[in-house]
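Q: Starting off with a structure, shown below.
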Amino acid sequence: MTWLKLVEGYMPMQMISELAVCILVFSIINYSLKRAGMGLPKFWAGIFVWCFVNLFYLKYRIYPPIPFSVRAIYGTVSACGIFMWVSGSQQEWEEFKRPIINVLDANTGMTKFLRTALLILLPIGLWGFAYNSFLPSFDEPIELRTVHPAPPATTKVHGKTYVLQTAANPYRINPEGKYDQAYSNAHIVSQDMGRLMKDVKNPEDNPWDPNAKGYIKHVREGGEIFFQNCHFCHGDNLNGRGLWAFAFNPIPANFTDAGTIAQLQETFVFWRVAKGGIGLPGEGFPWASVMPPWEQHLTVDEIWKVIMFEYWHTGYYPRTWE
Amino acid sequence: MYGNQSYTGHFEKRIVMNESTTPTKYGGGGLGAWLLSFSLLMGGLSFTTTSHAEMAEGFAEGSRPSPPSAEQVEAGKRVYFTKCVWCHGVNGAGDGPGADRLWPRPRNFNAGTFKIRHTASGELPLIDVDLFQTVTHGLPGSAMPSWEGILTEDQRRDVLAFVTTELVKDRSWQDTEFEEFHVLQLETIQPVPPTAESVKRGSELVKEMKCIECHGLEGRGDGNAFNLKDDWGFSIQPADWHKCWNFRGSRQDAYNVKNIFRTFSTGVSGTPMPSFADNTTVEDRWHIANYVNHLCERDKDVDIAGGNVTDEIAAALVAAKPRAIDPLTDKPKVDFVIPSKFVEGELPADEHDERWNLVDRRIVAMGGQITHKPRNFVTRIDDVWIQSLYNETHISFMFRWDDRTKSVQKDSVDWEPYEVNLGDYGIEEQAPGGSLFADDPEHPESIAAKQTAYQVFNDGLAFQFPIKWQELPAPRKPRYFWGDEGFPVDIAKWTADGELKAYQGEGWDVDFEDRDDFTEQLKVVKAEWANGRWTVIITRPLKGDYEEDAYIELGKYIPINFFVWDGHNGDVGRKMAVSAFYYLVLEPPIEKETYIYPTLAAIGLVLVEGWILTRRANRRKGKV
């Protein structure tokens, strides 16, 4: 059931439309039942809708799960909405509270029984709820980490100092051998689903073409380094879901996400790759990150190539200074 | 006798093929070699010619896929050279640049040998079903990811069109002379319900069928684990039945028994795992599948007594509930808080103590140490189960993890136990290779050769706490990798030679310092390797010296992380598997307030109820 999958990036829209469709379907069914004389009373309809949204949909449908505190907010907001709906007019409000009044008055055997049961069960339920919330609970503490901390002005890699404002990727070159971001941007993968290379027959687009040279050849060299070193965590599709991605915390960056390399300058990525987790400032949790300081494993050239591969493969452009 | 029919059939077919088409270097020979060893193992194999005309139970004639269009192949080529080529290589020989640091290696498509199939043993897989599902769901336990959500359905079919026509070179789906399709009718075969009787029968059958010779008495893949080779000569390990989420054919649905039934019925081509369709009835196959499925780790850790499953054990296996699987990882959900519960009196002396049931066991996911040299690209231990209990003075940890081999170092080594940087002693990481060794599993530099020819070191386990964690401003911790300067860690390291020592770590590249006085207070209560699993119980005092040893307090989040070494994987020094930071929490006994406040609230509610009823009654009286 692929259509049931929540798709990364589309989740909020998906959620809202799913909920809207569910409510619509419910209203139509309820309306037709009403026409047939079997409609659900407002009281029960309100409770049903609230339970569906808060106890079922938000709790079980959304993944990764949303914390209880956030669900509590949604619960309150949707309760307010439902109250507005059931109290649209005096008559509707009367209709809504009739079942409650009936139980309070207890004129029939059934309501009498219900009243007695509720009088006993409610305090017991409250006791249980309060007891549970008083029990010490040991959820994982929330620690906020800065994913992209401010970079330093310069970084020294393999004995050479790089000024992040002025450094450039030496392999981002056009066929004439000049630094050319526009040229390389024209030959990254396409932006539609799958993000595939633009033309497998064109040696300017296909890094595996035997005639590939310049930029696209360096992309292949970068890719080779990526698949010998990086994919274990960052994944075969560069989406941060490698073999060991979830054994570690923080989890590896997802380069296909618009919030990572797509919004960074290439030199920032160079600094992050060269210095790794241990080179982060305190707000980036250098003690927890398993990202290697790649200067220990790769040459400067290899680092520049692998960065270029990452941009090529995800179809993003590095941000520029202007 | 023992899977003879399908195997002889397949064998002969392959010989014919090797004459008529270009054979791969290892394709036919490897299969023959293993067949030979298989026959020796089983005490003689009669080479009778039997065709698939006598179809095994549960199979039906399948249809031949129609050849893909040229456009589809061309479109698939674009997918292949963007996504797949990096591991599977330009010619699909499983020799891409990434291949040499992977184990299991990427598939070599050339011979048309595919592991996970619905088709009978030796036959090509169904493209639309088997290969499509492999691309869609990936192969867990290997580096092959799920491509669903990345490639569209059409793109996945296109790439299969390219692979099956251009890269499978020795066989063809269109070859009407040699290729037949007998398909396991998995959707229509009635499953046998997983009752205790069925599970027990399955446990008997795995012994009768000799499954346990490779998979081990308790199914942890520890039988004969180091002598198995695949068709290409690369070393391969039997599946660990206790980790169904790592079954290659689990299709992102770990506890689904049908996947096991399928693998058992059709075998795993290219590996020593045969098809059992010809000599096992459908019913018996279900019993085995049910048993294997129920061995997979669940909420309760059921002791299966070396595979001698009694009615009682079978009932306990059936009663245990599957663990929650995280859809992000397709592995059991990880909880980063490890609870420890209070017990009166002495801490447990072994794993059978009833009091372990008081506390949840937690899974700790492990990944290779790939931060500093020598990096570890292949880990054979991907998780450790942990439980903890404490009393007034001590805390006890029970670690249990699956390890196919008990590794105890025999030869003396040149380095001291506290040394961490072993680069000078030839402990190196796997070279990138870039397909250099793809054709030669025997090449001493290939990862496959090293998988069988490592010097054996000690299995081991270590965990570290920050020293004086109370003074660290949250969330600051010492570095996960043996602390850092100014932020030392308290390390307890156990090795399979029986040693448990306390060290202080001050950095990944700094040798450990001995903490002799604390070593004396650490105790290995039990350390036993049995049937592919280590059980190590360690106790330590809650409080040592505040300046040197982690001071464990109640109700606090104490950072802890773990390291494991598999001696047969060449793990030693910094080459091992590591975990992320977890938190150890000693849950304090329940306080009085926990009872008082809820009672007050309940009494308050009773009063409110009384007030509402009285008011309502008064109002009605007034109205009437």
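The values are calculated or read from the model by the stated rules, or taken from the named source; none is laboratory data. The shown structure was predicted, so the numbers you read here are calculated from the model rather than taken from an experiment. As a convention, Cβ positions derive from the backbone with ideal geometry for all residues, glycine included, and neighbour counts pool all protein chains shown.
Q: Please work out which residue is farthest from A:ARG241 (Cα to Cα), limiting yourself to segment B:126-159 and to residues that are away from every other protein chain (no Cβ under 14 Å) and in contact (Cβ under 8 Å) with a residue 24 or more places away in the chain.
A: The extreme case among them is B:LEU126.
Q: Related question: Being surrounded by fewer than 23 Cβ atoms within 10 Å (Cβ to Cβ) and more than 8 Å from every other protein chain (Cβ to nearest Cβ) is the filter; apply it to segment B:467-485 and report the residue that is modelled with the lowest pLDDT.
A: B:PRO473
Q: In segment A:142-168, which residues are within 10 Å of chain B (Cβ to nearest Cβ) and surrounded by fewer than 12 Cβ atoms within 10 Å (Cβ to Cβ)?
A: Answer for segment A:142-168, where residues must be within 10 Å of chain B (Cβ to nearest Cβ) and surrounded by fewer than 12 Cβ atoms within 10 Å (Cβ to Cβ): A:ILE142, A:LEU144.
Q: Then there's this: So in segment A:199-255, with the set limited to residues that are small (Gly, Ala, Ser) and more than 7 Å from every other protein chain (Cβ to nearest Cβ), which one is farthest from A:SER184 (Cα to Cα)?
A: Filtering segment A:199-255 for residues that are small (Gly, Ala, Ser) and more than 7 Å from every other protein chain (Cβ to nearest Cβ), the one farthest from A:SER184 (Cα to Cα) comes out as A:ALA245.
Q: Could you grab me the full set of residues in segment B:521-552 that are at pLDDT 95 or above and of a type in the set (D, E, K, R)?
A: B:LYS523, B:LYS526, B:GLU528, B:ARG533, B:ARG540
Q: I need the full set of residues from segment B:441-488 which are in a helix (DSSP H, G or I) and either closer than 20 Å to B:GLY544 by Cα or not aliphatic (A, V, I, L, M) (or both), in order please.
A: Once the filter is applied, which keeps residues that are in a helix (DSSP H, G or I) and either closer than 20 Å to B:GLY544 by Cα or not aliphatic (A, V, I, L, M) (or both), segment B:441-488 yields B:LYS450, B:GLN451, B:THR452, B:TRP469, B:GLN470, B:GLU471.
Q: Within segment B:275-291, how many residues are over 26 Å from B:LEU124 (Cβ atoms) and under 22 Å from the mean Cα position of the chain (by Cα)?
A: The qualifying residues number 2.
A quick yes/no check of all residues on (1) of a type in the set (Asp, Glu); (2) in contact (Cβ under 8 Å) with a residue 24 or more places away in the chain; (3) more than 14 Å from chain B (Cβ to nearest Cβ):
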site: A:ILE29; (1), (2), (3): no, no, yes
site: A:TYR57; (1), (2), (3): no, yes, yes
site: A:PRO64; (1), (2), (3): no, no, no
site: A:TRP93; (1), (2), (3): no, no, yes
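Q: Scan (1) more than 27 Å from the chain's Cα centre (by Cα); (2) within 14 Å of chain A (Cβ to nearest Cβ) for the single condition B:ARG515 breaks and write down its number.
A: For B:ARG515, the failing item is (2).
Q: Please enumerate the residues belonging to segment B:310-329 that are out of contact with any helix residue (DSSP H, G or I) (no Cβ under 6 Å at 6 or more places or on another chain) and assigned to a helix (DSSP H, G or I).
A: B:ASP311, B:GLU312, B:ILE313, B:ALA316, B:ALA319
Q: Which condition from (1) within 14 Å of chain A (Cβ to nearest Cβ); (2) under 16 Å from B:ARG400 (Cβ atoms) is the one that B:PHE342 breaks?
A: Unmet condition: (2).
Q: Has segment A:167-182 got any residue that is at pLDDT below 95, closer than 20 Å to A:PHE268 by Cβ and either of a type in the set (A, V, I, L, M, F, W, C) or in contact with a Leu (Cβ under 6 Å, 6 or more places away or on another chain) (or both)?
A: Yes, there is a match, as at least one residue in segment A:167-182 is at pLDDT below 95, closer than 20 Å to A:PHE268 by Cβ and either of a type in the set (A, V, I, L, M, F, W, C) or in contact with a Leu (Cβ under 6 Å, 6 or more places away or on another chain) (or both).
Q: Please go through (1) closer than 24 Å to A:ALA247 by Cβ; (2) within 14 Å of chain A (Cβ to nearest Cβ); (3) out of contact with any Pro (no Cβ under 8 Å at 6 or more places or on another chain) for B:TRP494 and return the number of the only condition it doesn't satisfy.
A: Here B:TRP494 clears every test but (2).
Q: OK, next. Just the residues that are assigned to a strand (DSSP E or B), buried (at least 18 other Cβ atoms within 10 Å of the Cβ) and either charged (D, E, K, R) or touching a Ser or Thr at 6+ places or on another chain (Cβ under 6 Å) (or both), please, taken from segment B:496-524.
A: B:LYS501, B:ALA502
Q: Among the residues of segment A:81-101, are any surrounded by 12 or more Cβ atoms within 10 Å (Cβ to Cβ), assigned to a helix (DSSP H, G or I) and among the polar types (S, T, N, Q)?
A: No - not one qualifying residue is present in segment A:81-101.
Conditions tested, residue by residue: (1) more than 24 Å from the chain's Cα centre (by Cα); (2) away from chain A (no Cβ under 11 Å); (3) free of Cβ contacts under 8 Å to residues at least 40 places away in the same chain.
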residue: B:VAL359; (1), (2), (3): no, yes, yes
residue: B:GLN369; (1), (2), (3): no, no, no
residue: B:TRP401; (1), (2), (3): no, yes, no
residue: B:SER412; (1), (2), (3): yes, yes, yes
residue: B:ILE427; (1), (2), (3): yes, yes, no
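Q: Conditions: (1) more than 10 Å from chain A (Cβ to nearest Cβ); (2) in contact with a strand residue (DSSP E or B) (Cβ under 8 Å, 6 or more places away or on another chain). B:VAL578 meets all but one. Number of the miss?
A: Failing condition for B:VAL578: (1).
Q: Looking at A:ILE225, A:ILE188, A:ILE216, A:ILE173, can you tell me which residue is under 30 Å from B:ALA580 (Cα atoms) and of a type in the set (A, V, I, L, M)?
A: A:ILE225
Q: What residue, of A:PRO136, A:PRO175, is more than 8 Å from every other protein chain (Cβ to nearest Cβ) and either in a loop (DSSP other than H, G, I, E, B) or closer than 30 Å to B:ILE596 by Cβ (or both)?
A: Answer to the check: A:PRO175.
Q: Further question: Within segment B:559-586, can you find the residues that are in contact with a Pro (Cβ under 7 Å, 6 or more places away or on another chain) and within 18 Å of B:TRP469 (Cβ to Cβ)?
A: B:PRO559, B:PHE581, B:TYR583, B:VAL585
Q: Moving on. Considering only residues that are facing another protein chain (nearest Cβ under 9 Å) and charged (D, E, K, R), look in segment B:371-386 and name the one that is nearest to B:GLY98 (Cα to Cα).
A: Per the criteria, the residue is B:ARG375.
Q: For the subset of segment B:328-349 comprising residues that are in contact (Cβ under 8 Å) with a residue 60 or more places away in the chain and within 25 Å of the chain's Cα centre (by Cα), which member is farthest from A:PRO136 (Cα to Cα)?
A: Per the stated criteria, the residue is B:ASP330.
Q: (1) crowded, with 20+ Cβ neighbours inside 10 Å; (2) at negative phi; (3) more than 11 Å from chain A (Cβ to nearest Cβ): which one isn't true of B:LYS621, the others all being true?
A: Exception for B:LYS621: condition (1).
Q: Is there a residue being among the aromatic types (Phe, Trp, Tyr), in contact (Cβ under 8 Å) with a residue 60 or more places away in the chain and within 12 Å of chain A (Cβ to nearest Cβ) anywhere in segment B:77-91?
A: yes
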